[in-house]
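Shown next, in structure tokens, is the structure this report addresses.
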Amino acid sequence: MTRAILEASAVTKSYAIGSRSIPVLRGVDLSIGEGEVVALLGASGAGKSTLLHVLGLLDPPSSGRVLFEGRPVHDLPIRERASLRHRQIGFVFQFYHLIPELNALENVKLGTMMDRGLLSWMKDRRELDERARDLLRTVGLTERHTHRPSELSGGERQRVAIARALIARPKVILADEPTGNLDSETAAGVLDLLFRINREEGVAFLMVTHDERLAERCDRLIRMKDGVVVS
Amino acid sequence: MIPAYSGFLALRYLRTRWVNILGTLGVAVAVWALIVVIAVFSGFIGEIRRSIRIATPDLLATGFDAEASFEELDALIRSDEDVIGTAPRLRHHGMYFPYGRLGQHLQQTRGMVTSPLAFDFVELVGIDPERERVATGFETWIENGAEHGFAPAMPDDPLEVPLALEEQWRREARQPGTPGPLLKASPGVLVSSRRARASQLDLGQQLSVVTARFVERGDDSDLVQVRRYFTISGCFETNHQILDETTALVGIDALREMLGQHPDDPFAIDLVSDVAIRVRPGVDPTAVATRVQATLAASQPGATVLTWEQQNRVFLGAVDQERGMMKLILFAVMLVAAFLIYSTLHMTVTQKTRDVGILTSMGAAPPGILRIFLLSGGVIGVTGALLGVATGLLSAHYLNDLNDWSRARLGVELFPTELYSLDRIPYEIEPGWVTQVAVSALVITLLAAWLPARRAARMDPVRALSHE
Ligand SMILES: Nc1ncnc2c1ncn2[C@@H]1O[C@H](COP(=O)(O)OP(=O)(O)OP(=O)(O)O)[C@@H](O)[C@H]1O
Ligand SMILES: [Mg+2]
């Protein structure tokens with residue numbers, strides 16, 4: 001196996017509802033290697049999304065550690081975690097999660113504004129604009145760059161979301177049911193795109209899915225049940 | 001550093017939500033009102049201060065003993081090298097009513113021959129016109145009076161009844177039924193033109209002036225009525241309303257005589273209650289006041305020397321207080337605007353909850369999220385303040401044109417200049433105040449924006465992501 005970029009060790013997560021504490025993750029160990037595509041399967045409510053959020057530094061674990069390239073990350077100051085999330089980790093969601101007020105191109109460009117001041121961004125904006133357009137072409141969106149999300153189809157929206165996740169050149173993309181909201185034909189296209197990106201850019205993927213056939217195509221397969229990894 | 005996305009999204013969120021115009025307009029209206037209303041108020045106060053200043057000597061020495069003699073006081077006061085003029089004043093209360101043929105007619109038409117209301121109470125101020133000319137703005141008062149009514153062009157002695165009038169009386173005296181002997185030239189009295197108009201008094205009208213004084217009777221003293229005839233020889237007007245309403249000016253010797261100090265009597269005292277002082281221009285009057293008071297202290301321990309502002313302390317304090325109240329009331333408009341901004345931004349934050357989750361997943365940190373909404377408030381505040389300052393300055397500048405236009409076209413007077421006997425609406429724009437208003441508008445909007453912004457920054461990104 002290649003060098004691990006993202007690891008979870010004995011990660012637990014519970015949510016407090018009133019005075020009760022509901023365990024969602026109960027000691028998860030896993031590791032994702034560089035350039036690996038890992039499928040994450042499990043019944044609804046197994047804790048897959050929760051795990052993704054913990055791995056992506058959106059949510060702190062209740063106990064256990066998350067390591068990025070061997071470094072524990074949840075102890076880092078909030079700004080450093082944000083910057084790590086920005087530069088190394090990309091998110092793709094089932095419901096695309098684009099900003100409705102921005103057009104396709106702007107949604108992608110937003111990814112270049114996270115660690116730059118307004119002035120420095122303005123200085124490089126032509127170059128960044130070009131990069132965003134290139135990326136949109138890479139994900140197969142050759143036109144409709146100035147369309148708002150509401151004017152795009154589901155597949156197109158997900159392609160924009162993928163371009164957005166890629167623009168900061170992350171090492172790993174956490175995709176939560178990226179094709180869950182698409183018809184099978186569109187889904188196949190989006191998946192082909194993801195695998196191509198993995199091949200061409202060497203980006204690792206942790207992909208939550210319910211599709212066993214998709215899971216077959218992945219390098220590795222992890223199953224979860226009731227907050228633990230079962231295989 | 002403000003991250004680029006904060007500014008970018010702040011502008012985009014504003015642009016896609018026209019409701020923010022309301023907050024901007026609210027701030028603009030508040031700033032506008034605070035500039036225009038206070039500018040007019042200040043202009044008006046400036047006007048009042050100017051007229052009060054004209055009506056008030058540089059310094060006024062007062063609080064002397066009853067037996068104080070002007071000659072002695074004058075020597076002491078003038079010993080200060082920065083005093084360039086002095087004028088004696090004698091104040092005494094009294095009342096008057098129109099007298100003579102015309103006066104009787106007047107009283108009859110007013111139906112007040114025997115009415116206790118037939119009298120006008122006044123403060124009789126005895127002056128020396130020659131010295132007042134040097135020591136105070138006396139000349140201006142007379143000129144103002146002439147402008148407003150019927151005072152003759154500045155005569156050598158405004159308290160002298162013009163010869164032409166006397167001749168007219170002589171003609172009238174030959175008419176049957178007139179009380180001839182009373183029409184002999186009597187000393188002049190100056191009333192304010194405002195008062196003359198109100199009481200239908202005219203130049204040459206005789207007034208019976210009544211006051212009282214104590215007279216010694218053996219070991220005891222008795223209050224006796226003193227009554228003299230005066231003739232209105234002119235009018236004055238200081239625009240200092242209180243002074244104009246309550247004062248009648250007579251010759252100081254005439255008033256001294258009424259109080260038992262006949263000028264020809266070798267034992268008479270040159271009675272004086274105040275001394276008006278003119279200070280050398282460019283010299284600090286307060287310093288002179290302190291010095292003169294110290295000089296007077298030896299012989300007149302009760303005497304005080306007041307600057308023109310101290311002399312009108314109560315009145316000036318009252319108008320300043322009114323302006324302060326007005327500022328407070330108008331700031332309430334600003335608060336309303338702030339509430340408006342708060343509620344629209346609060347709404348925006350609720351609508352954009354999921355965006356907060358998305359942005360966090362992309363690498364945004366809470367401070368950057370906070371700045372999105374703080375900047376939104378900042379843009380609203382700056383735009384509103386600039387708009388308010390611009391319209392405020394413009395409308396203050398064109399206030400008179402606006403007033404003329406609305407009077408001509410709509411028949412509505414925005415500011416009744418007549419009421420205050422002004423021909424233009426006065427205004428005074430103080431750059432300090434404008435800056436203060438603009439800055440506080442900005443601060444208040446930022447505070448209003450800060451609360452929703454903080455709410456956004458404190459959101460749990462995972463929950464935010466699943467927000468519908
Ligand atoms: N913020 C929360 N507060 C309380 N409980 C939560 C919270 N988030 C998730 N849960 C609970 O944790 C459990 C796991 O949720 P999670 O979303 O991780 O499941 P999942 O495996 O992604 O399911 P699905 O396949 O339906 O997306 C669920 O029972 C859910 O009710
Ligand atoms: Mg899920």
**OP:** Go through the residues of region B:317-337 one by one and say whether even a single one is assigned to a helix (DSSP H, G or I), within 30 Å of B:ALA464 (Cβ to Cβ) and within 14 Å of chain A (Cβ to nearest Cβ).
**Re:** no
Original post:
Does region A:145-168 hold any residues that are closer than 15 Å to A:ARG196 by Cα and open to solvent by 20 Å² or more (accessible area, probe 1.4 Å), and which are they?
Top reply: A:ARG159
Original post:
What about B:LEU22, is it away from every other protein chain (no Cβ under 14 Å) and surrounded by fewer than 21 Cβ atoms within 10 Å (Cβ to Cβ)?
Top reply: yes
Subject >> One residue from A:ALA204, A:ALA175 being within 16 Å of ligand 1 (Cβ to nearest atom), closer than 16 Å to A:PHE91 by Cβ and not acidic (Asp, Glu) >> reply: A:ALA175
Original post:
Just wondering, is there one or more residues in region A:89-98 that are aromatic (Phe, Trp, Tyr) and more than 8 Å from chain B (Cβ to nearest Cβ)?
Top reply: yes
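Yes/no matrix, rows are residues, columns are (1) within 16 Å of ligand 1 (Cβ to nearest atom); (2) within 28 Å of A:ARG164 (Cα to Cα); (3) surrounded by 18 or more Cβ atoms within 10 Å (Cβ to Cβ):
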residue	(1), (2), (3)
A:ALA4	no, yes, no
A:GLU7	no, yes, yes
A:ALA16	yes, no, no
A:SER21	yes, no, no
A:ASP75	no, yes, no
Original post:
Residue check, B:LEU359 against (1) over 30 Å from A:ASP59 (Cβ atoms); (2) within 14 Å of another protein chain (Cβ to nearest Cβ); (3) of a type outside the set (S, T, N, Q); (4) crowded, with 23+ Cβ neighbours inside 10 Å, all met but one. Which one?
Top reply: (1)
Original post:
Which of the residues belonging to region B:271-291 are within 16 Å of B:THR62 (Cα to Cα) and in a loop (DSSP other than H, G, I, E, B)?
Top reply: B:LEU271, B:VAL272, B:SER273
**OP:** Kindly indicate which of A:GLY117, A:GLY64, A:GLY70 is more than 17 Å from the chain's Cα centre (by Cα), on the phi > 0 side of the Ramachandran plot, surrounded by fewer than 22 Cβ atoms within 10 Å (Cβ to Cβ) and away from ligand 1 (no atom under 16 Å from the Cβ).
**Re:** A:GLY70
Original post:
For region A:212-231, what are the residues that are open to solvent by less than 60 Å² (accessible area, probe 1.4 Å) and either part of a strand (DSSP E or B) or within 15 Å of ligand 1 (Cβ to nearest atom) (or both)?
Top reply: A:LEU214, A:ALA215, A:LEU221, A:ILE222, A:MET224, A:GLY227, A:VAL228, A:VAL229
Original post:
Taking A:ARG65 and the conditions (1) closer than 20 Å to A:VAL160 by Cα; (2) away from every other protein chain (no Cβ under 11 Å); (3) touching a residue at least 40 places away in the same chain (Cβ under 8 Å), which numbered condition does it fall short on, given that it satisfies the others?
Top reply: (1)
Original post:
Would it be correct to say that B:THR178 is over 21 Å from B:PRO57 (Cα atoms) and at pLDDT below 85?
Top reply: yes
Subject >> Verdict on A:THR142 being assigned to a loop (DSSP other than H, G, I, E, B), open to solvent by 20 Å² or more (accessible area, probe 1.4 Å), in contact (Cβ under 8 Å) with a residue 12 or more places away in the chain and away from chain B (no Cβ under 13 Å) >> reply: no
**OP:** Go through region B:393-467 and tell me which helices (runs of 4 or more DSSP H), entirely inside it, have 1 or more residues that are surrounded by 16 or more Cβ atoms within 10 Å (Cβ to Cβ) and among the aromatic types (Phe, Trp, Tyr).
**Re:** B:431-457
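The values are calculated or read from the model by the stated rules, or taken from the named source; none is laboratory data. Remember, it's a predicted structure, so these values are computed and weren't measured experimentally. Note: ideal-geometry Cβ built from the backbone for every residue, glycine included; neighbour counts use all protein chains shown. Keep in mind that these areas ignore ligands, DNA and RNA; they rest on the heavy atoms of the full protein, side chains included. Shrake-Rupley method; radii C 1.70, N 1.55, O 1.52, S 1.80 Å.
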